[in-house]
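Right, one structure below, let's go through it.
The values are calculated or read from the model by the stated rules, or taken from the named source; none is laboratory data. As the structure is a computational prediction, the values presented were derived from the model and not from experiment. Note: ideal-geometry Cβ built from the backbone for every residue, glycine included; neighbour counts use all protein chains shown. Remember, those area values only see protein heavy atoms, side chains included, never the ligands or the DNA or RNA. Shrake-Rupley method; radii C 1.70, N 1.55, O 1.52, S 1.80 Å.
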Amino acid sequence: MTSGSQSYLAELFSLEARTAVVTGGSSGIGRGIAEALARAGARVVVVARREAELAATVDALQARGCRAARVRGDLGTRDGVRAAAEEAAAVFGEPDILVNSAGVNLRPPMGELGEDVWDATMSVNLEAPFLLGQRFGPGMAERGFGRIIHISSQQAHRAFVRSGAYGVSKGALESLARSQAEEWSPYGVTVNTLVPGFVMTPLNARLSADPERVAALAARTLVGRNGLAGDFAGAAVFLASRAAGYVTGQALHVDGGFSVH
């Protein structure tokens, strides 16, 4: 690669001097995105519940020479979200990039879906991204640059495998992204969602334990396999970079063609 092409790619995609907060960044898709942003130059604060996974993630990033820190937080309550946001902002300063990857995936049959499951699902999957957006979005707009990336789901677009409250929360999350984009994109803040196909992560432990279902999901894609956390690296860096300044309010499917098959 020539120095000219390196310079051009850096101009488009480098995240040097940027600060990112990634919720759910200690496992699965969130961890893959946290690593991608950090390796692209961003200072990354990983927010999650489990201390051991947080420490392992940040240690691995630092071992690569990345600038990374961790915040243990409970995003299931408003006070927990607010506390995690303030602690995260205190590490490297106010973030330029917010990635909402934390989620819960509770799928009882619809007739047995109680208010407790509904409330828990909405709190983490929808209310936490809303509150974090309210905390960080206006500051991004004031500074003239911001990137908010939500992790959605196929269930935002179609019902299968008991979408229940989970599908509702993800559909609303994509609507939230459009509302945030309408408000803040005139000031340099883009807001988009990444829509995975089936990825074998802890969030999908129930499906991952069924080999026949896993194989059937892979067969439904156009590329012939299910997703990996690393499949989201390029899309996340793109949406977080200067290159995506004219892309906002969009739902980008990173699903191997699952959604069009």
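Only one of the numbered conditions (1) in contact with a helix residue (DSSP H, G or I) (Cβ under 7 Å, 6 or more places away or on another chain); (2) without any contact (Cβ under 8 Å) to a residue 12 or more places away in the chain is violated by S169, and that is (2).
Name the residues in segment 114-128 that are open to solvent by 10 Å² or more (accessible area, probe 1.4 Å) and in a helix (DSSP H, G or I), would you?
Matches in segment 114-128: E115, D116, V117, W118, D119, A120, M122, S123, V124, L126, E127.
Among the charged types (D, E, K, R) and out of contact with any Phe, Trp or Tyr (no Cβ under 8 Å at 6 or more places or on another chain): is that true of R107 in this structure? Taking the combined requirement at face value, the residue does not satisfy it. Among the candidates A69, A83, A40, which residue alone is under 21 Å from L194 (Cβ atoms) and small (G, A, S)? It is A40.
Between A69, A36, A10, the distinction of being over 20 Å from G137 (Cβ atoms) and either open to solvent by 40 Å² or more (accessible area, probe 1.4 Å) or modelled with pLDDT under 95 (or both) belongs to A10 only. Search segment 127-140 for residues that are over 17 Å from E87 (Cβ atoms) and pair each with any residue that is buried (at least 20 other Cβ atoms within 10 Å of the Cβ) and aromatic (F, W, Y) when their beta-carbon atoms are under 9 Å apart and the residues are at least 6 apart or on different chains. From segment 127-140, the pairs are G133/W184; G137/W184; P138/W184; M140/W184. Restricting attention to segment 1-17, the residues that are over 29 Å from the mean Cα position of the chain (by Cα) and either among the β-branched types (V, I, T) or within 16 Å of L37 (Cβ to Cβ) (or both) add up to 1.
For first residues located in segment 230-256 and among the hydroxyl-bearing types (S, T, Y), partners that are outside any helix (DSSP H, G or I) and crowded, with 22+ Cβ neighbours inside 10 Å and lie 6+ apart or on another chain with Cβ distances below 7 Å form the pairs S241/L15; T248/T190; T248/V191; T248/N192. Any residue in segment 23-42 that's within 14 Å of Q62 (Cα to Cα): show its pairings with residues that are surrounded by fewer than 23 Cβ atoms within 10 Å (Cβ to Cβ) and of a type in the set (F, W, Y) at Cβ separation under 7 Å, as long as the two are six or more apart or on different chains. Final answer for the pair search is A40/F13. Considering only residues that are surrounded by fewer than 24 Cβ atoms within 10 Å (Cβ to Cβ) and part of a helix (DSSP H, G or I), which ones fall in segment 134-158? Within segment 134-158, Q134, R135, F136, G137, P138, G139, A141, E142, R143, Q154, Q155, A156 meet the criteria.
The numbered conditions (1) open to solvent by 10 Å² or more (accessible area, probe 1.4 Å); (2) more than 25 Å from G188 (Cβ to Cβ) are all true for L131 except (2).
Whether any residue in segment 93-104 is surrounded by fewer than 22 Cβ atoms within 10 Å (Cβ to Cβ) and touching a helix residue (DSSP H, G or I) at 6+ places or on another chain (Cβ under 8 Å) is what I want to check.
Of the residues in segment 93-104, the ones surrounded by fewer than 22 Cβ atoms within 10 Å (Cβ to Cβ) are 93-94, 104.
Still in the running and touching a helix residue (DSSP H, G or I) at 6+ places or on another chain (Cβ under 8 Å): 94, 104.
Taking every residue of segment 93-104 in turn, at least one turns out to be surrounded by fewer than 22 Cβ atoms within 10 Å (Cβ to Cβ) and touching a helix residue (DSSP H, G or I) at 6+ places or on another chain (Cβ under 8 Å).
Against the conditions (1) within 16 Å of the chain's Cα centre (by Cα); (2) at pLDDT 95 or above, A83 satisfies every one except (1).
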